[in-house]
Amino acid sequence: MTAPVTSPTTTVRTRSARAPRASIDPLAWGAAGILTLALLLQVLPASGLVNPTYFPPLSEMISALAAQVQSEAFWQALGATVLGWLIGLSLAVVGGVALGVVIASVPVIDRMLASTIEFLRPIPSVALVPVAALLFGTTMQATLLLVVFASLWPVLVQVIYGVRDVDRVALDTARSYRFGAARIVRTVVWPSMMPYLIVGIRLSASVALILEITGELVIGSPGIGKLIALAQSSAAVSTMYALVLVTAVLGVVVNVGTRLVERRVLFWHASVRSEGR
């Protein structure tokens, strides 16, 4: 028997016909996962597998969320959470970049602080809650301390790795042309460090949101976390779960936003170009 002959034109058409479906499949799977989760949240309490008193169906959560959306307190809390997250993440990024470049560029400082960084980095940020509460009370600054401490380390470590990965030939060439320190950082170090920095920002963005809401929940600073604690203490179970869903949506928005920023900033990088194929 002879094998069927396929022309190159047929192969190209087959691949081009399959390409759009490959780009749609992730969205379809994601929508299917969300619909499945929504169905479970609705069916499990109604079927009696879980106690609806402590785990109401999704319809009640949505009703409670609709009531919250109409209140001014909800939007003030949401704004406080987003503002605290943004300020904390910005401080962590600026501090991590500045410290990382200095530490990795000066071998003496790098060797001296390596053990200190490894000692401080594993400290759970929640362990600093008593310190933050004593220093700043129940204000936004208390939660900001936790956010900055937790989200600083991913940026700092990634920047250090990025500076260490700079091409030594390019660095020596820039020095031979008598580039100043600022120009070397801008033209040689920064492009090499950028992929590492973006990864650090992606990690820190999620960590900052987690610590922002945790600080509001535990310390009582203004935000969505405080509303969750108030709903729990007043036995408003549906409202509590509705606010938890809001934090989940915030997490998705942060993740999608950082991915979009990564694709815009690193459009020239091989990893981003390969994702677009």
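The residues of the range 220-253 that are surrounded by fewer than 19 Cβ atoms within 10 Å (Cβ to Cβ), over 21 Å from the mean Cα position of the chain (by Cα), part of a helix (DSSP H, G or I) and of a type in the set (A, V, I, L, M, F, W, C), listed by number, are A229, L230, V237.
This table checks each residue for (1) touching a helix residue (DSSP H, G or I) at 6+ places or on another chain (Cβ under 6 Å); (2) of a type in the set (F, W, Y); (3) under 29 Å from L227 (Cα atoms).
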site	(1), (2), (3)
R121	yes, no, no
P130	no, no, yes
A142	yes, no, yes
A150	yes, no, yes
V166	yes, no, no
A170	yes, no, no
S176	no, no, no
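Here R111 meets the list (1) modelled with pLDDT under 90; (2) over 25 Å from the mean Cα position of the chain (by Cα) almost entirely, failing just condition (1).
In this structure, A150 does satisfy being of a type in the set (G, A, S) and either surrounded by fewer than 17 Cβ atoms within 10 Å (Cβ to Cβ) or closer than 19 Å to G223 by Cα (or both). Here R264 clears all of (1) crowded, with 17+ Cβ neighbours inside 10 Å; (2) in a helix (DSSP H, G or I); (3) more than 16 Å from the chain's Cα centre (by Cα) except the condition numbered (1).
Residues in the range 153-173 that are in a helix (DSSP H, G or I) and either surrounded by 19 or more Cβ atoms within 10 Å (Cβ to Cβ) or of a type in the set (V, I, T) (or both): W153, P154, V155, L156, V157, Q158, V159, I160, G162, V163, V169, T173.
Does V129 qualify as being in a helix (DSSP H, G or I) and surrounded by fewer than 18 Cβ atoms within 10 Å (Cβ to Cβ)? Here the answer is no, as V129 does not meet what is asked.
Return the residues of the range 177-219 that are of a type in the set (S, T, Y) and assigned to a helix (DSSP H, G or I); say none if nothing qualifies.
Across the range 177-219, the qualifying residues are T187, S192, Y196, S204, S206, T214.
Screening A73 on (1) exposed (fewer than 13 other Cβ atoms within 10 Å of the Cβ); (2) free of Cβ contacts under 8 Å to residues at least 60 places away in the same chain; (3) more than 28 Å from V189 (Cβ to Cβ) shows it passes everything except condition (2).
The values are calculated or read from the model by the stated rules, or taken from the named source; none is laboratory data. Keep in mind that this is a model prediction, so the values were computed, not measured. Because the Cβ atoms are built from the backbone with ideal geometry, glycine has one as well, and the counts that use them run over all protein chains shown.
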